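What follows is one structure encoded as structure tokens, with my remarks underneath.
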Amino acid sequence: MAEPYTIARPYAQAVFSLAREQGRLAEWSEMLALLATIADDERMGPVLSSPRPSAEELVTLFLDLCGEHLDQGGRNLVRLLAESRRLIALPVLHRQFEALRAEEEGTLQAVLTSAQPVDDAVRNTLAEALGRRLKRKVTLETTVDERLLGGAVIRAGDLVIDGSVRDRLQRLSTQLNR
């Protein structure tokens with residue numbers, strides 16, 4: 001079977017084009033997030049990878065779980081993916097859609113992982129500086145990882161800025177072992 005990224009790409013591009021035409025990027029983002037959450041649930045894995053349920057049974061299952069949170073376009077996407085047995089690609093499809101949306105809107109979601117909690121003023125200053133560097137509007141999510149010992153790591157798309165004490169110690173160790 002092809003890689004989920006390869007499977008999901010044309011669907012993500014088609015959904016993004018439709019959402020952009022309709023001016024409904026946010027609504028589609030919400031629908032895809034819900035569908036991806038359902039498909040990514042550990043209880044759904046065996047169901048989606050099994051040949052037993054028919055496409056119509058899978059459609060019914062997804063539509064029942066989503067309730068009124070899907071419009072006609074969302075329901076049609078579920079039917080299309082179920083018929084081609086590709087519902088399992090929904091989490092990747094959602095990530096690809098979000099990447100296309102971020103590119104369109106000139107935004108970037110970044111993650112700041114630090115050894116200690118970071119206050120809002122520092123987070124906002126870092127988001128602004130990163131936004132100037134990348135020429136985008138950056139939304140900075142923060143997490144704490146005490147294993148870093150000190151400092152922080154910023155991940156923004158393909159960019160990784162590692163200013164952690166753990167990284168510095170690893171580099172020092174490598175240099176000493178040469």
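The values are calculated or read from the model by the stated rules, or taken from the named source; none is laboratory data. Treat the numbers as computed from the prediction; the structure is a model and nothing was measured. Neighbour counts are summed over all protein chains in view; Cβ atoms, including those assigned to glycine, are modelled from backbone coordinates with ideal geometry.
Just one residue in the set L90, L65, L61 is in a helix (DSSP H, G or I) and in contact with a Leu (Cβ under 8 Å, 6 or more places away or on another chain); that residue is L90. On inspection, L149 passes the criterion of being surrounded by 12 or more Cβ atoms within 10 Å (Cβ to Cβ), farther than 30 Å from L35 by Cα and at pLDDT below 90.
Taking the range 129-152 as the range and being hydrophobic (A, V, I, L, M, F, W, C) and either in a helix (DSSP H, G or I) or closer than 25 Å to E105 by Cα (or both) as the test, the residues that pass are A129, L130, L134, V138, L140, L148.
Could you tell me which residue of the range 152-178 is surrounded by the fewest Cβ atoms within 10 Å (Cβ to Cβ), considering only residues that are modelled with pLDDT under 90 and aliphatic (A, V, I, L, M)? Top of the filtered list is L176.
Per-residue answers, yes or no, for (1) of a type outside the set (S, T, Y); (2) touching a residue at least 12 places away in the same chain (Cβ under 8 Å); (3) over 17 Å from E83 (Cα atoms):
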| position | (1), (2), (3) |
| --- | --- |
| T6 | no, no, yes |
| L18 | yes, yes, yes |
| G23 | yes, no, yes |
| A26 | yes, no, yes |
| S29 | no, yes, yes |
| A39 | yes, yes, no |
| S50 | no, no, no |
| F62 | yes, yes, no |
| L65 | yes, yes, yes |
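Scanning the range 32-45 for residues that are in a helix (DSSP H, G or I) and modelled with pLDDT of 95 or more returns L32, A33, L34, L35, A36, T37, I38, A39, D40, M44.
Just one residue in the set S29, S17 is closer than 16 Å to Q96 by Cβ, among the small types (G, A, S), under 17 Å from the mean Cα position of the chain (by Cα) and part of a helix (DSSP H, G or I); that residue is S29. The sole residue among L126, L169, L108 that is under 22 Å from the mean Cα position of the chain (by Cα) and in a helix (DSSP H, G or I) is L126. For the range 41-62, name all the residues that are within 22 Å of the chain's Cα centre (by Cα) and surrounded by 15 or more Cβ atoms within 10 Å (Cβ to Cβ). If the condition is that a residue be within 22 Å of the chain's Cα centre (by Cα) and surrounded by 15 or more Cβ atoms within 10 Å (Cβ to Cβ), then M44, L48, F62 are the ones that fit.
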